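See below for the structure under consideration.
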Amino acid sequence: MQVCKRLLMRLRKGRPVMIALSTPIAADFSLAMPKLILLNKPYGVICQFSPSPPHQCLADYVNVPGVYPAGRLDTDSEGLLLLTDHGPLQARIADPKHKLPKTYWVQVEGEPDEAALAALRRGVDLGDFFTLPAEARRMAEPDSLWPRTPPIRTRANIPTSWLELTIREGKNRQVRRMTAKIGHPTLRLIRARIGDFNLADLALGKWRLATAREIEAVLPVTFNTRRQPQSAGYAGKARTMTSARTNKHVVDQKRK
């Protein structure tokens, strides 16, 4: 395999290469599929691998080398976090210009009426920017919800309710600021979905690898997951070129 790597490098630089016919060359030049990890991040875990006491970090949950978060999820937020070792894939997921929708389950103080939800759907003015229109609806408490540690703080005689909110941007603390703007502060925030990736039955603090099909669906179109092996015609041409160089070398030696 080392011979193959050296051969490819020299060809890229335009240098002539003598192919040793006795050297076995792998027929499959497939490129490694990027890693993509889905993690159900618990509350209080900071979105980095380096330790940051008193918070836990990603290294306490994910033991896969070379992967980094694709986007961020605040320490006091929970739910779906994607990690990858592939730069273009990370940008595809995290960069707002791609408008990959992100869906949150939001427990808020009070019970937003239809006018409040309509404001979220239109977009709200947060002072430093105006949010893009969001998808917003009331929802029941999720069936698969796990208890939070520590539990949320509630105020006596003030009910709480749940919203499902989908946005296509990701400014700092945006969801919390949006619900505060309509008069319903966020008490608990869980990211449930990013594009086609969702928590499903992923337990708190657990992770799984995305399937090849899932990765290919979100990969930038310029990335080819597989490179075809060299055709028999190419191999025959290489042998012909090698033979011609060898014959020329013999002729030159005779002339000398």
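Here, each number is a calculation from the coordinates, and none is a lab measurement. Since the model is a prediction, treat every value here as computed from it, not as a measurement. Quick reminder, even Gly has a Cβ in these numbers, built from the backbone with ideal geometry, and neighbours come from all protein chains shown.
Couple of notes before you dig in:
- Per-peptide average of other Cβ atoms within 10 Å, ordering 203-214, 102-113, 85-96 highest first: 102-113, 85-96, 203-214
- Packing-based exposure ordering (other Cβ within 10 Å, fewest first) of ARG148, ARG155: ARG155, ARG148
- Assigned charges on the beta-carbon of Lys, Arg, Asp, Glu; region 43-96 dipole about Cα centre (debye): 140
- Exposure proxy ranking, count of Cβ atoms within 10 Å, fewest first, for TYR61, TYR43: TYR61, TYR43
- For region 50-99, the square roots a ≥ b ≥ c of the C-alpha gyration tensor eigenvalues yield an a/c of 1.5 or more together with a/b not exceeding b/c, which makes the shape oblate.
- Footprinting exposure proxy for THR186, THR179 (fewest neighbouring C-beta atoms within 10 Å first): THR186, THR179
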